[in-house]
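Take a look at the structure below.
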Amino acid sequence: MAGIEAQAPAGLSAPRVVRPAVPWCQRAVARTVFYHLAVGVTCFFMLYPILWLVGSSFKPPDEIWTNQTAIIPNEFYPQNYPNGWAGFGGISFTTFYRNSLFYATLGTILSVSASSVVAYGFARVRFRGRRIWFAVMLVTLMLPTQVQIIPQYIVFKQLGWLNTFYPLLLPRIGGSAFFIFMIIQFIRSIPVDLDEAAMIDGASKFGIFLRVILPQLTPAIITAAIFSFYWTWDEFLVPLIYLNSPELYLVSLALRTFSDPSGQTDWGAIFAMSALSLLPVFVIFISFQRYLVEGISTTGLKG
Amino acid sequence: MAAATLTKGKRRRKSNFGQDNLVGYLFIGPWLIAFFLFTFIPISVSLLLSFTDYNVLANSGDFIGLDNFQRMFFEDRRYWRSVNATVKYVVFSVPLRLVFALAVAMLLNTYRRGVGVYRAAFYAPSIIGGSIAVAVMWREIFGNDGLVNFTLNLLGIEGPNWLGRPETAIWTLIILAAWQFGSPMLIFLAGLKNIPKHLYESAEIDGANSLQRFLRITLPMLTPIIFFNLIMQLISGFMVFTQAFIVTQGRPLDTTLFYALYVYRRAFEQNEMGYASAMAWVMLMVIAVLTAFVFRSSSYWVHYEADEGT
């Protein structure tokens, strides 16, 4: 410490960086233009496949193959959407969307609310075995699903729960290790002074959780809810195993059957339904983008 | 919760300030119950199953010792092909993803106008990454008369059958993975924002150029985040399933038969749950060893600020 202080005056007297003679504002403008050009073009290439998918979903059947690279169709053909929505086997996408919305909403509520309760326990209550269970929880983050899914399947099958949503929803009652960990990090950034003040006022741990911590957790909870919703919406392996009858299909399973190369040939309809399935995710992403990024970047405390 | 009642008496005696076992276990109770029911017990059962020839249709199986493992390692040639495909996928897709993620994060680590829009745009492919729609789209893009070959044709190049050739099929999936670098990018971006400005300022005063600043400040300060991202990406790389299931179905010649896909096929298409459990356990062990190795090595390359004492 003393050494650093002794060096400080030397640092102050160091020569200033010499700037080139070009006026400051010109250089800044040139750099800004270059920056936006470079990043903008890269962005366009990143988004091209998605834009192309959306564009193709509005192309009439023959144009899909003749005008492939175009994002904007020559002839606007929205008929692909009703064609696709009709679904297959007499079941329309109304059913699939209803199933997916039900599962994604309920699944998200379950895992996020459980995760915040558990996270509070880990972050703010001192109890015997806390460190061990915390470590165990972190380890579960790394477990391959395949090790758990086979015995789970055997048991759920014995219980007669194939073709129900129980096997998909029940494992969520304990929250998800990823969200628990995320919310713990959030809670740790909330000053303990607030807890202590509430404790002096006679609040119990439950009271502190409900009145002090929970209100501050909103950004973390929104972030977790968004992630949870879109992971659930995209979930494939587990529904594939448990939901075998088409009336229970989620959008993801339906799309897979619908786009089976050996069956369907109406690519316009396939593109339309694919593009549509991305819509809920995008709407949520765009409306909550700020929370998503801030939820990850800041630690929850607004300065 | 049983544990809470057991330790309650002890707590009274020790009267540790602020310690509250009952309340603690009440709060983590939901996780603890779910952990035992849906993780711990299934994994233990999975270990037992791996020593049997359990068939789910007959709901019966006999103890067959190490036969599953012997079959896996010495007789099942598809097994080794799936190991091969998975390792190749992980070795190429994880570094590609991390490099893209860091490069773009550094590009977006400014306070210019419009950065928020770019950030969203770069993240967009990842938010839909695991979806079937994207996999279906990818299959079409790299199809025989798909977008890529159509474009190559316009340039006068005859494109190969990307998905049908053993040399190219896996690359379509690696590119798909590299395209989705959004999550590690956001985490890198958060890490970059946390690097104290004064470090760069003083480096500039000392005359360090941008490469030196990157190598001496950015990279060392980011190592904990690189470490975190590396572990998460390695694990998810080993478990890749959906993309191969939809885009290539493991074809051609099993060059994209990823481990998770092969486990799925054995367990749920051929009903050989004993054999599939053995495979899953080997995967678990490999991931455990690999993670332990990365953790062990971390003390040599991960730099924690706390070490310096502030």
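Summary table
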read-out	value
Residue list for the stretch B:147-170, restricted to those being assigned to a helix (DSSP H, G or I) and farther than 19 Å from A:Trp52 by Cβ	B:Pro166, B:Glu167, B:Thr168, B:Ala169, B:Ile170
Hits in the stretch B:195-208 (condition: farther than 13 Å from B:Thr110 by Cα and in a helix (DSSP H, G or I))	B:His198, B:Leu199, B:Tyr200, B:Glu201, B:Ser202, B:Ala203, B:Glu204, B:Ile205
B:Thr168 polar (S, T, N, Q), in contact with a Ser or Thr (Cβ under 8 Å, 6 or more places away or on another chain) and over 21 Å from A:Phe282 (Cβ atoms)	no
From B:Leu219, B:Leu211, residue being within 20 Å of B:Arg97 (Cα to Cα), out of contact with any His (no Cβ under 8 Å at 6 or more places or on another chain) and not in a loop (DSSP other than H, G, I, E, B)	B:Leu219
Lone qualifier among A:Leu276, A:Leu253 - being over 17 Å from B:Phe268 (Cβ atoms) and facing another protein chain (nearest Cβ under 10 Å)	A:Leu276
Flag for B:Ile217 being surrounded by fewer than 19 Cβ atoms within 10 Å (Cβ to Cβ) and free of Cβ contacts under 8 Å to residues at least 40 places away in the same chain	yes
Unmet criterion (only one of (1) at the interface with chain A (Cβ under 7 Å from one of its Cβ atoms); (2) in a helix (DSSP H, G or I); (3) in contact with a helix residue (DSSP H, G or I) (Cβ under 9 Å, 6 or more places away or on another chain)) for B:Gly130	(2)
A:Ile180 of a type in the set (A, V, I, L, M), within 12 Å of chain B (Cβ to nearest Cβ) and more than 30 Å from B:Asn59 (Cβ to Cβ)	yes
Residues that are within 14 Å of chain A (Cβ to nearest Cβ) and of a type in the set (S, T, N, Q), drawn from the stretch B:40-84	B:Ser44, B:Ser46, B:Ser50, B:Thr52, B:Asn55, B:Asn59, B:Ser60, B:Asn68, B:Ser82
Enumeration of residues in the stretch A:34-71 that are within 29 Å of the chain's Cα centre (by Cα) and either part of a loop (DSSP other than H, G, I, E, B) or polar (S, T, N, Q) (or both)	A:Thr42, A:Ser56, A:Ser57, A:Phe58, A:Ile71
Criterion violated by B:Ile175 - all others in (1) free of Cβ contacts under 8 Å to residues at least 60 places away in the same chain; (2) part of a helix (DSSP H, G or I); (3) within 10 Å of chain A (Cβ to nearest Cβ); (4) touching a Leu at 6+ places or on another chain (Cβ under 9 Å) satisfied	(3)
The lone exception for A:Leu237 - which of (1) within 28 Å of the chain's Cα centre (by Cα); (2) within 11 Å of chain B (Cβ to nearest Cβ); (3) closer than 20 Å to B:Gly29 by Cα it fails	(3)
Some residue of the stretch B:97-112 being modelled with pLDDT under 80 and more than 9 Å from chain A (Cβ to nearest Cβ)	yes
Condition met for A:Ala254 (farther than 30 Å from A:Gln152 by Cα, small (Gly, Ala, Ser) and surrounded by 15 or more Cβ atoms within 10 Å (Cβ to Cβ))	no
Selection status of B:Ser277, in a helix (DSSP H, G or I) and more than 12 Å from chain A (Cβ to nearest Cβ)	no
B:Arg265 vs. criteria of a type outside the set (A, V, I, L, M) and touching a residue at least 60 places away in the same chain (Cβ under 8 Å)	no
Search result, residues across the stretch A:117-130 that are at pLDDT 90 or above and more than 7 Å from every other protein chain (Cβ to nearest Cβ)	A:Ala119
Single residue of the stretch B:254-263 satisfying the filter (under 18 Å from the mean Cα position of the chain (by Cα) and either of a type in the set (S, T, N, Q) or facing another protein chain (nearest Cβ under 7 Å) (or both)) that is nearest to B:Val45 (Cα to Cα)	B:Val263
Odd one out for B:Leu253, checked against (1) surrounded by fewer than 19 Cβ atoms within 10 Å (Cβ to Cβ); (2) assigned to a helix (DSSP H, G or I); (3) out of contact with any His (no Cβ under 6 Å at 6 or more places or on another chain)	(2)
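Residue by residue, here is whether (1) of a type in the set (A, V, I, L, M); (2) in the same structural domain as A:Arg188 (by TED's automatic domain parsing) holds:
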{"site": "A:Leu53", "(1), (2)": "yes, no"}
{"site": "A:Ser56", "(1), (2)": "no, no"}
{"site": "A:Glu75", "(1), (2)": "no, no"}
{"site": "A:Ile109", "(1), (2)": "yes, yes"}
{"site": "A:Ala114", "(1), (2)": "yes, yes"}
{"site": "A:Tyr120", "(1), (2)": "no, yes"}
{"site": "A:Leu143", "(1), (2)": "yes, yes"}
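Rundown of residues vs (1) modelled with pLDDT of 80 or more; (2) surrounded by 11 or more Cβ atoms within 10 Å (Cβ to Cβ); (3) within 14 Å of chain B (Cβ to nearest Cβ), yes/no style:
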| site | (1), (2), (3) |
| --- | --- |
| A:Ser13 | no, no, yes |
| A:Val18 | no, no, yes |
| A:Tyr48 | yes, yes, yes |
| A:Phe58 | yes, yes, no |
| A:Trp65 | no, yes, yes |
| A:Ser92 | yes, yes, no |
| A:Ile109 | yes, yes, yes |
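The values are calculated or read from the model by the stated rules, or taken from the named source; none is laboratory data. The structure displayed is predicted, hence computed values, not measured ones. Reconstructed Cβ throughout: ideal geometry from the backbone, glycine too, with neighbour counts over all protein chains shown.
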